[in-house]
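The structure under discussion is supplied below as structure tokens; questions concerning it will follow.
The values are calculated or read from the model by the stated rules, or taken from the named source; none is laboratory data. None of the values given here were measured: they were computed from a predicted structure. Counting neighbours? That spans all protein chains shown, and the Cβs are built from the backbone with ideal geometry, glycine included.
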Amino acid sequence: MRGLRGTVSLLYRLARFLRDLEVFSSGNPRRLRNKLLGRWMGRLFRL
């Protein structure tokens, strides 16, 4: 069961990465900016 869960997790991560790549290559870096900003703010508020 754990192997299946890991495979599903990997597929979701791959799908998110491919979507980010598609949006960024279209000339709209907003998604990438928001993702980085969200990670930074998450770390800031975790302290």
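Show the residue pairs that are 6+ apart or on different chains and have beta-carbon atoms under 9 Å apart, the first residue being within segment 30-47 and under 18 Å from Phe17 (Cβ atoms), the second being of a type in the set (Val, Ile, Thr) and part of a helix (DSSP H, G or I).
Taking only residues 6 or more apart or on different chains, the pairs are Arg30/Val23; Arg31/Val23; Leu32/Val23.
Shifting gears a bit: Just one of (1) surrounded by 10 or more Cβ atoms within 10 Å (Cβ to Cβ); (2) more than 12 Å from the chain's Cα centre (by Cα) trips up Arg5, so point out which.
For Arg5, the failing item is (1).
Which members of segment 23-36 meet the condition of being assigned to a helix (DSSP H, G or I) and either at pLDDT below 85 or under 12 Å from the mean Cα position of the chain (by Cα) (or both)?
Listed by number, the residues that qualify are Val23, Phe24, Arg30, Arg31, Leu32, Arg33, Asn34, Lys35, Leu36.
Turning to a different aspect of this structure: Quick check on my filter: what residues within segment 37-47 are among the charged types (D, E, K, R) and modelled with pLDDT under 80?
Correct list: Arg46 only.
While we're here: Are there any pairs with C-beta distances below 7 angstrom linking a residue in segment 6-27 that is free of Cβ contacts under 8 Å to residues at least 12 places away in the same chain to a residue that is of a type in the set (A, V, I, L, M, F, W, C) and part of a helix (DSSP H, G or I), with the two at least 6 apart or on different chains, and if so which?
Phe24/Leu32
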